[in-house]
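I have placed the structure first, in the form of structure tokens, so that the comments after it can refer back to it.
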Amino acid sequence: VGKMIPDYTFNTITYYPKQKATISDFRGKWLFLDFWSTGCSTCFKSFSKINALQHEFKEEASFLLVGNNDYKYNKGIRALYEKFRDKQNLELASAYDSAIFDSWEIGSVPHIVIVNPDGIVIAITEGSGITKERIRDLMDGKNISFASKKEGPGFNSALIAKSNILYRSTISKYNGES
């Protein structure tokens, strides 16, 4: 966060004007890289929300799904996305690349990297804090936090993302809910 995003080449992108693109090809607009895998039900649930945000901000932002296509755990990821695409009428570009997960050390999904038009990483989040209103405020130059409503006192996903913390636990009183 706060640094220039490394340039990276995506060799396989579907539903995008080019089949191959680099991160720098997206400069001039806000970029939301939404990393996902086949075992992430939260990722699938967010697709329609991301699709609506793409429509809302089509002039100012690009949303790119980045699927982990490693053969061991995510075999058939393209076919799975196609099913969701057809069922939910998605119009999202999707790249498939397991190498970026390794090189950027993305260990869990959902994992969303938000990049400003100049290529600076503004936030890294799990996505539940992303709303239309927060994106508009961000684009209007306001200082926005994309912390999840689930994040408790002292927890900040942006700080965790750039730290060496691998796991965090919270103990709280039981309030009758899971």
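Could you figure out which of (1) within 23 Å of L138 (Cβ to Cβ); (2) among the hydrophobic types (A, V, I, L, M, F, W, C); (3) open to solvent by 10 Å² or more (accessible area, probe 1.4 Å) isn't true of L33?
(3)
To keep it simple, each residue is scored yes or no on (1) within 26 Å of G129 (Cα to Cα); (2) part of a loop (DSSP other than H, G, I, E, B).
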| position | (1), (2) |
| --- | --- |
| D34 | yes, no |
| A52 | yes, no |
| A79 | no, no |
| I106 | yes, yes |
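Within segment 142-152, how many residues turn out to be open to solvent by 70 Å² or more (accessible area, probe 1.4 Å) and modelled with pLDDT of 75 or more?
Total meeting the criteria: 2.
Output the residues belonging to segment 119-141 that are outside any helix (DSSP H, G or I) and among the hydrophobic types (A, V, I, L, M, F, W, C).
Passing the criteria: I120, V121, I122, A123, I124, I130.
Report, by residue number, each residue of segment 82-124 that is modelled with pLDDT of 90 or more and of a type in the set (S, T, Y).
S94, Y96
State whether one or more residues within segment 153-170 are surrounded by fewer than 10 Cβ atoms within 10 Å (Cβ to Cβ), modelled with pLDDT of 70 or more and not polar (S, T, N, Q).
no
R85 fails exactly one of the following numbered conditions: (1) in contact with a Leu (Cβ under 8 Å, 6 or more places away or on another chain); (2) exposed (fewer than 12 other Cβ atoms within 10 Å of the Cβ). What is the number of that condition?
That leaves (2) as the condition not met.
Considering segment 38-79 alone, what residues qualify as being open to solvent by 40 Å² or more (accessible area, probe 1.4 Å), more than 13 Å from the chain's Cα centre (by Cα) and under 18 Å from A93 (Cβ atoms)?
If the condition is that a residue be open to solvent by 40 Å² or more (accessible area, probe 1.4 Å), more than 13 Å from the chain's Cα centre (by Cα) and under 18 Å from A93 (Cβ atoms), then S48, A52, H55, E56, K58, E59, E60, N69, R78, A79 are the ones that fit.
The values are calculated or read from the model by the stated rules, or taken from the named source; none is laboratory data. Source: prediction; values computed, not measured. For neighbour counting, all protein chains shown are included, and Cβ atoms are generated from backbone atoms with ideal geometry for every residue, glycine included. Heads up: the accessible areas ignore ligands, DNA and RNA and are worked out on the full protein's heavy atoms, side chains in. Shrake-Rupley method; radii C 1.70, N 1.55, O 1.52, S 1.80 Å.
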